[in-house]
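Take a look at the structure set out below.
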Amino acid sequence: MKSRNVLYYFIFALLMASCPLFLNAYWTDVFNNVGLYAILALSLNVILGHAGLFHMGHAAFYAIGAYTTAILNTTFGIPVLWSMPMAGIMAGIFAMIVARPIIHLRGDYLLIVTIGIVEIVRIALINNVFDITGGANGIFGISRPTVFGYKISKPDQFFYLIWGFAAVTIFLLLRLEHSRFGRALMYIKEDEVAAGGSGINVAHHKLVAFIIGAVWAGMCGTIYASKMTIIAPESFSFAESVVLFTIVILGGAGSIPGVILGAFLLVGLPELFRGLAEYRMLVFGAAMVLMMIFRNQGLLPPGPKKYDVASLLPAGGRK
């Protein structure tokens, strides 16, 4: 990673860390929502931006993570943050089950199937499958998270939890992007046939990308459940998946800074114009049309990748 990019992320981190000092409780909570959507969009970016899979059912994995945490906490008394790994695992297992038969699909065909997945999950939650999801009323009484005995309940406290998790997400995804696996995903996205001809197991890499995105969305669901203390099926509708998809496309598929910018524009900016909230979907549609016409790569598209070829060769192959 270039030192200049590291400096940019460091400055951004300092600015974000100082936000609660200057914001009231309302705007701090708005930034908390931006952070949640940024994490979710970054997890979707692994699937859509890096692997090039048209996936519009990401809210399903988010829901599974949130409901896993809610059930473990309210039924078995497991602390919220302790349930986060299990929430990610359950979302990942579900992703592996549903993605394996459809991973060979491309473009619009995959998109339609993933829309069906998020609707199946939502309807299953409403129908109270196995009598553990609470039906349309959802699950109440989820505990607040605690860190070393310190209970997190105020907006400014959640701010540091959410954006701290976002910082970890950005760091890990940057490492993934510059790894051998990340480069393979880039090849698959650009030319799947050529990637397969180069010896890359295309189906395997797509499936792993799908699972990684699902696991991270599931863990984000843990934070959401603990923040709201109540979850219901309508919180994980198809509309949520559309918003996440729009954030990635608007910001720039495959670009981490672009996704963060997209989250601020689509989640934070409408709060400045609450009087026009009923026209939000109209604005979304108009923004997408304009983006496809004038800047179809997004506001901050990923730049060209440059690699030191010698560093990519095995030790024995270097001269």
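So here's what we get for this one:
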| item | result |
| --- | --- |
| Selected residue [under 30 Å from Y26 (Cβ atoms) and either among the aliphatic types (A, V, I, L, M) or in contact (Cβ under 8 Å) with a residue 60 or more places away in the chain (or both)] from F210, F158, F148 | F158 |
| Flag if Y187 is without any contact (Cβ under 8 Å) to a residue 24 or more places away in the chain and open to solvent by 50 Å² or more (accessible area, probe 1.4 Å) | yes |
| Subset of the stretch 9-50 [more than 14 Å from the chain's Cα centre (by Cα) and open to solvent by less than 30 Å² (accessible area, probe 1.4 Å)] | M16, C19, P20, T28, V30, N32 |
| Near pairs, Cβ below 9 angstrom, 6+ apart or cross-chain, from the stretch 80-98 (free of Cβ contacts under 8 Å to residues at least 40 places away in the same chain) to any residue that is open to solvent by 70 Å² or more (accessible area, probe 1.4 Å) | V98/I120 |
| Some residue of the stretch 241-252 being open to solvent by 30 Å² or more (accessible area, probe 1.4 Å), of a type in the set (V, I, T), on the phi < 0 side of the Ramachandran plot and in contact (Cβ under 8 Å) with a residue 40 or more places away in the chain | yes |
| Extreme residue, surrounded by the most Cβ atoms within 10 Å (Cβ to Cβ), among residues of the stretch 222-236 that are touching a helix residue (DSSP H, G or I) at 6+ places or on another chain (Cβ under 6 Å) and farther than 17 Å from P155 by Cα | F236 |
| Residue in the stretch 84-102 that is of a type in the set (V, I, T), within 19 Å of the chain's Cα centre (by Cα) and within 22 Å of G52 (Cβ to Cβ) present | yes |
| Residue in the stretch 224-234 that is small (G, A, S), in a helix (DSSP H, G or I) and in contact with a Pro (Cβ under 8 Å, 6 or more places away or on another chain) present | yes |
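The values are calculated or read from the model by the stated rules, or taken from the named source; none is laboratory data. Keep in mind it's a predicted model, so treat the numbers as computed, not measured. Neighbour counts run over all protein chains shown; Cβ positions are idealised from the backbone, glycine included. Note: areas computed on protein heavy atoms with side chains; ligands, DNA, RNA excluded. Shrake-Rupley method; radii C 1.70, N 1.55, O 1.52, S 1.80 Å.
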